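Step one of this worksheet: look at the structure below.
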Amino acid sequence: LSLPYSPWSLKARWALEHAGGGYAKLPQYNPVLGEPWLRLKTRRFFSRVSVPCLFLPDGSHLMESYAIAEWADAQGGCGLFPEGTRAWDDVSETII
């Protein structure tokens with residue numbers, strides 16, 4: 001699930017596209033109508049839910065753009081994460 005105007009959704013989408021995982025078209029999320037479904041699907045009834053959210057074939061899910069990008073990199077082996085990437089991501093999260 002993604003929000004088309006969200007920088008975090010864009011980050012996840014670009015990582016998926018780069019890895020060639022076939023997940024480039026994440027379904028759009030409507031916060032008002034979609035939140036109850038997202039809570040049910042992720043089993044997060046009282047904790048924070050957010051997008052982007054990628055549902056994996058095994059039934060699990062990834063809910064943060066960095067986690068989705070790491071998963072995409074592991075699937076495609078495309079070298080998205082040189083040393084020190086996590087620190088830069090932390091900085092970008094603060095700026096965004």
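Need one number: convex hull volume per residue for the chain, Cα atoms only, in Å³.
It comes to 104 Å³ per residue, whole-number rounded.
Show ASP89, ASP58 ordered by accessible area, largest first, where the area counts protein heavy atoms only and the probe is 1.4 Å.
So, going from the largest accessible area down, we get ASP58, ASP89.
Please report the accessible area of VAL91 (heavy atoms, 1.4 Å probe, ligands and nucleic acids excluded) in Å², nearest 10.
In the full protein context, VAL91 sits at about 70 Å².
Averaged per residue, what accessible surface does the chain expose to a 1.4 Å probe, in Å²?
64
Roughly what would the spin-label model give for ASP90 and ARG39, points 7 Å off Cα along C-beta, in nm?
A separation of 3.2 nm, rounded to one decimal place.
What is the spin-label model distance, in nm, from TYR5 to GLU83 if the labels are put 7 Å beyond Cα along the C-beta direction?
A separation of 4.2 nm, rounded to one decimal place.
Could you look at segment 33-96 and say what percent of its accessible area is carbon and sulfur, using a 1.4 Å probe and all protein chains?
It is 58 percent, rounded to a whole number.
At 222 nm, what value in deg cm²/dmol follows for the chain if DSSP H runs of at least 4 each add -39500 (n - 2.57) and the sum is divided by all its residues, to the nearest 500?
Value at 222 nm, helices only: -15500 deg cm²/dmol.
Place a +1 charge on the Cβ of each Lys and Arg in the chain and a -1 charge on the Cβ of each Asp and Glu, then give the dipole magnitude about the Cα centre in debye, rounded to the nearest 20.
Charge dipole, the chain, about its Cα centre: 480 debye, nearest 20.
Which one, HIS61, ILE95, LEU40, is farthest towards the positive end of the dipole of the chain when Lys and Arg carry +1 and Asp and Glu -1 on their Cβ?
LEU40
Which one of TRP14, PRO82, TYR29 is farthest out on the positive end of the charge dipole of the chain, using unit charges on Cβ (Lys, Arg +1; Asp, Glu -1) and the Cα centre as origin?
Value: TYR29.
The values are calculated or read from the model by the stated rules, or taken from the named source; none is laboratory data. Keep in mind the model is a prediction, meaning the values are calculated, not measured. Backbone-built Cβ (ideal geometry, glycine too); neighbour counts: all protein chains shown. In case anyone asks, the SASA skips ligands and DNA or RNA and just uses the protein heavy atoms, side chains included. Shrake-Rupley method; radii C 1.70, N 1.55, O 1.52, S 1.80 Å.
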